[in-house]
Ligand code: AMP
């Protein structure tokens, strides 16, 4: 089939939708379209979806839930005798969704758009792409979940006004608060002629599962107090109680009180135990207040990043099953007011938005154009001019609209430098230790003066994948890497000599001028810093000799420069140590 399907590959549930006659439709896989993201092994057979979720309660050791939390890691998941990658498990869920939807739709599904939390790293995005590939699908685009939700909301708004023209000039700002089973995202979008993501932030390890765990802990404490049975590390009991806790939490969204009456809970030593207790909504809210607080901190951060105050937000969209919890609605209402919260289906809007994005790609009649942003700053590790320490300098700042290509020019540090180390970091700090190293390579250099220009270009594509190209300008040396998410080493490194002038014009005079400038600048910075008078004088004299040699076009300029450079290195090291 030519259509592109939209898939919300959720931590707890997944969903598949498609655009028909300009409107998104959820395909009722597993009855209502909300498919548990669970895989379970039954003898030889791998089950997916609702049947797997039912089986998982009784056979947790032969089942996998919440695999989304492991995407981008190298963790292995055991099912029976076989080990699986997180990508394999996600691929099974994707395959199941497409097979079942294909049966309903009457044809094979091949092309898909898959959503991910806006805060997913490159590794997690690449793992999601890989899962699609392993499912035999063509992944046309990876889209941020809040962006998809906003796209759906915008489309619904058009439909509900009988396709009356939308006054896009004053369409305003939308905040999407998405709390699912395992991840939390908040984004601020500008709903103009194009939908622009102004800020997005979140927490990939915060979701409904954390709320459930608080209830499980409370139940286990009760069992310990009553029967002195410790269920802490007993997997079958934990799986059973996780299900009980989730039911309790959901009941408390509708009712003020929920009763837990469980018998035959598996316990160590082939024993079983029972529990009977009551939870009030108030109790649950108290037990999980800090989790809700964490989401509110992210909301404030997103507002700060978008440079907006709450009164400037026209609509707040609540997405993800957890937003059915009344306390979440009331906390958000306290900030933005109830009038600004339209009712959108928290379970289906992301997949429906992905279907709209699929429609846009395949050229169907949709008005919106999607603009997305980089969720993290992508930087390069460089030697600081100031104090000679290694620091991250941004190439593509966070929240840059994608696809984006940005280049920056750097200089080599010493005369005839042999290589340049290129370490690509993701994160907001200037300190490399506080960021994540996502890829590295080396550029082998042709012999050149110090401060020879090195151009480093990053491209960030619509799927959030990073490509780096670095080139020694004027010397035809180039290296490229693609970054492998599952192994933080380059997957392909390709150092190539290219024809002179193919990329950049030969520009040695400019390189030479920059090199001289760099050396004198470094010397001057150090002279100002050094306290030891003798060392200060030695360096000042060497600099004066260098400047005179430059002026007189002295034949031994290289020797004088080498002398100055070794003094600079010596003093720089000492100075860095003292710092
Ligand atoms: P999602 O990842 O968006 O499918 O959201 C799944 C999460 O929402 C799970 O933690 C569910 O337990 C939770 N959830 C679903 N419905 C409700 C409800 N009515 N009240 C509270 N939490 C809910």
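The values are calculated or read from the model by the stated rules, or taken from the named source; none is laboratory data. What you see is a predicted model; the values in this text were computed from it and never measured. Quick reminder, even Gly has a Cβ in these numbers, built from the backbone with ideal geometry, and neighbours come from all protein chains shown.
Among the strands (runs of 3 or more DSSP E) confined to the stretch 1-71, the ones with at least 2 residues that are within 13 Å of the ligand (Cβ to nearest atom) are located at 4-9, 13-20.
Residues that are closer than 30 Å to residue 283 by Cβ and more than 16 Å from the ligand (Cβ to nearest atom) within the stretch 303-321 comprise 310, 316, listed in sequence order. Test residue 250 against the stated conditions and say whether it is buried (at least 18 other Cβ atoms within 10 Å of the Cβ) and either over 21 Å from residue 330 (Cβ atoms) or within 13 Å of the ligand (Cβ to nearest atom) (or both). Taking the combined requirement at face value, the residue does not satisfy it. Of the residues making up the stretch 322-336, those that are in contact with a strand residue (DSSP E or B) (Cβ under 9 Å, 6 or more places away or on another chain) and either within 16 Å of the ligand (Cβ to nearest atom) or not in a helix (DSSP H, G or I) (or both) number 7. The set of residues in the stretch 337-353 that are more than 16 Å from the ligand (Cβ to nearest atom) and crowded, with 16+ Cβ neighbours inside 10 Å comprises 340, 341.
Could you please let me know if residue 94 is in a strand (DSSP E or B), crowded, with 17+ Cβ neighbours inside 10 Å, touching a helix residue (DSSP H, G or I) at 6+ places or on another chain (Cβ under 7 Å) and assigned by TED's automatic domain parsing to the domain that holds residue 321? No, not satisfied.
Going through (1) surrounded by fewer than 17 Cβ atoms within 10 Å (Cβ to Cβ); (2) in contact with a strand residue (DSSP E or B) (Cβ under 7 Å, 6 or more places away or on another chain); (3) modelled with pLDDT under 95 one by one, residue 356 falls short only on (1). Looking across the stretch 47-78, the residues that are under 26 Å from residue 125 (Cβ atoms) and surrounded by fewer than 17 Cβ atoms within 10 Å (Cβ to Cβ) come down to 73, 74, 75, 76, 77, 78.
Residue-level analysis places residue 546 outside the set of residues that are modelled with pLDDT of 75 or more and in the same structural domain as residue 456 (by TED's automatic domain parsing). Tell me yes or no: at least one residue of the stretch 75-86 is assigned to a helix (DSSP H, G or I) and farther than 17 Å from residue 238 by Cβ. Yes, the stretch 75-86 contains a residue that is assigned to a helix (DSSP H, G or I) and farther than 17 Å from residue 238 by Cβ.
Scanning the stretch 298-321 for residues that are surrounded by fewer than 14 Cβ atoms within 10 Å (Cβ to Cβ), over 21 Å from the mean Cα position of the chain (by Cα) and in a helix (DSSP H, G or I) turns up 311, 312.
Residues that are within 16 Å of the ligand (Cβ to nearest atom) and surrounded by 23 or more Cβ atoms within 10 Å (Cβ to Cβ) within the stretch 220-244 comprise just one, 241.
In a residue-by-residue description of the stretch 190-200, the property of being closer than 30 Å to residue 339 by Cβ, within 16 Å of the ligand (Cβ to nearest atom) and outside any strand (DSSP E or B) applies to no position.
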